[in-house]
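None of the figures in this text is laboratory data; all of them are computed from the coordinates on show. Here the structure is a predicted model, which means the values were calculated and not measured. Cβ placement follows ideal geometry from the backbone for every residue including glycine, while neighbour counts extend to all protein chains displayed.
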Amino acid sequence: MRVDCEWGVHGAGTAARDVDAVVVVDVLSFSTAVDIAVSRGVTVYPYPRRDKNLAEFARSIGAEVAGSRGECRYSLSPACYVDAEAGASVVLPSINGGAISAALGSVTVFTGCLRNASAVARAAGRADRVLVIPAGEQWPDGSLRPAIEDWLGAGCIIDRLGGFLSAEARVAQRGFRAAQGGLVGLLRDSVSGRELADMGFSSDVALAAEFDVSDCAPLLREGAYVRAGG
């Protein structure tokens, strides 16, 4: 097995054509929210952004639109899925992990984070060539802002995948190994972690920092994330 690592939606677009499976890593907060939701039996439809077609798309599939953190039942906040109702369907807009997920074609797609790194690696590791994508964030002009939490999450999954690693994948793996003992503090001190704390959502950071606590590998099937093997 060969494992590659590329950043963001552009990395996905240029590299995904030559792989068998893709793992999208958006730790704060898309991938963590999806992991918890799917673990609870919620079907999650990734959506690239909030636009005029969002509500109509949700109506067409009988799903609820995830709104703003703290204002709606469901949002990008991982905490809001801890007690989610099994059988619910949610459209989850996200300009990072959601946009990457929605842009990928016929390739097998998983979403992974620190919580489910081993489960996702086991599921994706059945492929011959795997691309792990740290989603990153965006600067105000829309350009990619590399995010430390996604780099660490990608490195964690790569570490568990093994196989032949590209140079980029090796560096991500080594970064995770070097930081493994201080993941909680690093996530809290990251730009995204500080932003969430300032907004009153420190609990989302704490959930994202939980390490290998989930056995769920969310798989993108017919436009929605569901539990692999379910």
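Some points to look at:
- Stokes-Einstein D (µm²/s) once Rh is taken as the Kirkwood radius of the range 90-176 over alpha-carbon pairs, at 25 °C in 0.890 mPa s: 179 µm²/s
- Overall Cα dimensions of the range 25-98, principal axis frame, Å, largest first: 28, 25, 22
- Within the chain, helices built from complete DSSP H runs that reach 15 Å or longer along their own axis (Cα positions) and carry a mean Kyte-Doolittle hydropathy of -1.0 or higher are 148-161, 167-179.
- Separation of the residue 178 and residue 1 label points, Cα + 7 Å toward Cβ, nm: 2.5 nm
- Note on the range 93-164: with charges restricted to the Cβ of Lys and Arg (+1) and Asp and Glu (-1), its dipole about the Cα centre is near 320 debye.
- The convex hull built on the alpha-carbon positions of the range 190-229 has an orientation-averaged projected area of 4.0 nm².
- Semi-axes of the equivalent ellipsoid for the range 1-128, Cα gyration tensor, largest first, Å: 25, 17, 12
- Across the range 1-53 the C-alpha pair distances fall into 10 Å bins from zero in the proportions 18, 42, 36, 4, 0 percent.
- The slack in the chain from residue 141 to residue 107, taken as 0.36 nm per residue of separation less the alpha-carbon distance, amounts to 9.3 nm.
- When the inverse distances between all different Cα atoms of the range 133-230 are averaged and flipped, the Kirkwood radius reads 15.0 angstrom.
- With neighbours defined as other Cβ atoms within 10 Å of a residue's Cβ, the residues 7, 139 order from fewest to most as 139, 7.
- 13 Å cut-off, amide nitrogen to a point 7 angstrom out along residue 213 Cα→Cβ, residues in the range 69-96: 78-83
- GNM result for the chain, Cα springs below 10 Å: residue of 162, 62, 98 fluctuating most strongly: 62
- Adding -39500 (n - 2.57) for every DSSP H run of four residues or longer, then dividing by how many residues the chain holds, sets the calculated 222 nm ellipticity at -11000 deg cm²/dmol.
- Cα centroid separation - the range 144-158 against the range 79-94, whole Å: 24 Å
- Residue order, fewest to most beta carbons within 10 Å, for 128, 20, 141, 4: 141, 128, 20, 4
- Amide proton proximity set for residue 91, modelled H, under 5 Å, gap of 5+: 45, 64, 65, 66
- GNM top mover of 105, 136, 155 - the chain, alpha-carbon springs below 10 Å: 105
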